[in-house]
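All remarks here apply to the structure that follows.
The values are calculated or read from the model by the stated rules, or taken from the named source; none is laboratory data. For clarity, every value in this text was computed on a predicted model and none was experimentally measured. Glycine also receives a Cβ, built like all others from the backbone with ideal geometry; neighbour counts cover every protein chain displayed.
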Amino acid sequence: MTTTEVSLTPLLAQVNAATQLLATSDDVPAEVGELIDSLDSQLGAPRPIDADPYLTTTLWSAAFRAEKALRHDNAGDARRDVRLALEQVRQALRDIVDRRPYGDDIPIGDVLGATLTILDAPQGAVAELFGVSVRQLQRWLAPGGAQPSGLDAARVRIVAQIANQLRHTFTGPGVLAWFARVHPTLGRAPIEMLGDPPEYPKVLAAATAARAMTS
């Protein structure tokens, strides 16, 4: 099993609790220090984490900074830097865990169904988001019907990941509206970028940033 499957969800709960404890403490509580010292083993080193390389790099970098912050001579500086680093650990873990149900190893039919639940929208609007006709969407949804494959499957998965991020900020109709509006950072409507897989990381990053603003 991968590290993601085995341990990241309970670890995220521990980090959430630690960040809350830090917020009400004048220094770094011993249990928070113990958690930070245990991150190497809890993250499964030296086994790789089965997740987006960008997120895993962010996670490991933040864990290293948290460990380094513990060594500050000044307690106030230690608490400040540990809080910053641990929050980055928390956000990276959260995003890894949240994206897990939409990964390449999850059946595309399950991904499609989960996305429809989030969007809670008419089939016409959903089909447009996936770049297919309503008829094609209905074939995908029919019991025993053909499933998305190739570029269609890639688009379904990225829409699922983006919608999963945005559901923490918007309702289903709000998620659809986010795709349709010109995004100030992207310079165009996100839906216009869904036909070009190399653009997917930019769109996902914009959605993740929208969620971070409400965390």
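When residues of the range 120-171 are filtered for being of a type in the set (Lys, Arg) and either within 23 Å of Asp196 (Cβ to Cβ) or touching an Asp or Glu at 6+ places or on another chain (Cβ under 7 Å) (or both), how many remain?
Restricting attention to the range 120-171, the residues satisfying the condition of being of a type in the set (Lys, Arg) are 135, 139, 155, 157, 167.
After this cut, where a residue has to be either within 23 Å of Asp196 (Cβ to Cβ) or touching an Asp or Glu at 6+ places or on another chain (Cβ under 7 Å) (or both) as well, the list is 155, 157.
Residues that pass the stated criteria total 2.
Of all residues in the range 1-57, count the ones that are of a type in the set (Val, Ile, Thr), modelled with pLDDT of 90 or more, out of contact with any Lys or Arg (no Cβ under 8 Å at 6 or more places or on another chain) and not in a helix (DSSP H, G or I). Working first, answer last.
Here is the first cut: in the range 1-57, the residues of a type in the set (Val, Ile, Thr) are 2-4, 6, 9, 15, 19, 24, 28, 32, 36, 49, 56-57.
Within this subset, residues satisfying the condition of being modelled with pLDDT of 90 or more are 15, 19, 24, 28, 32, 36.
Then drop every residue that is not out of contact with any Lys or Arg (no Cβ under 8 Å at 6 or more places or on another chain), which leaves 24, 32, 36.
Then keep just the ones that are not in a helix (DSSP H, G or I); that gives 24.
Of the residues in that region, 1 qualify.
Filter the range 87-110 down to the residues that are at pLDDT 90 or above and β-branched (Val, Ile, Thr), then identify the one that is farthest from Leu151 (Cα to Cα).
Per the stated criteria, the residue is Val89.
For the range 127-147, which residues satisfy the criterion of being at pLDDT 95 or above, within 25 Å of the chain's Cα centre (by Cα) and not acidic (Asp, Glu)?
Ala127, Leu129, Phe130, Gly131 - these are the residues of the range 127-147 that are at pLDDT 95 or above, within 25 Å of the chain's Cα centre (by Cα) and not acidic (Asp, Glu).
Can we say Arg181 is surrounded by fewer than 14 Cβ atoms within 10 Å (Cβ to Cβ), closer than 18 Å to Ala207 by Cβ and basic (Lys, Arg)? Can you show your working first?
Details: surrounded by fewer than 14 Cβ atoms within 10 Å (Cβ to Cβ): yes; closer than 18 Å to Ala207 by Cβ: yes; basic (Lys, Arg): yes.
It is true that Arg181 is surrounded by fewer than 14 Cβ atoms within 10 Å (Cβ to Cβ), closer than 18 Å to Ala207 by Cβ and basic (Lys, Arg).
Answer yes or no: is there a residue in the range 73-96 that is outside any helix (DSSP H, G or I), on the phi < 0 side of the Ramachandran plot and in contact (Cβ under 8 Å) with a residue 12 or more places away in the chain. Even if it seems obvious, please write down each step before you answer.
First pass over the range 73-96, keeping only residues outside any helix (DSSP H, G or I): 73-74.
Going one step further and asking which of them are on the phi < 0 side of the Ramachandran plot, we end up with 73-74.
From the residues that got through so far, the ones that are in contact (Cβ under 8 Å) with a residue 12 or more places away in the chain too are none.
Scanning the range 73-96 turns up no residue that is outside any helix (DSSP H, G or I), on the phi < 0 side of the Ramachandran plot and in contact (Cβ under 8 Å) with a residue 12 or more places away in the chain.
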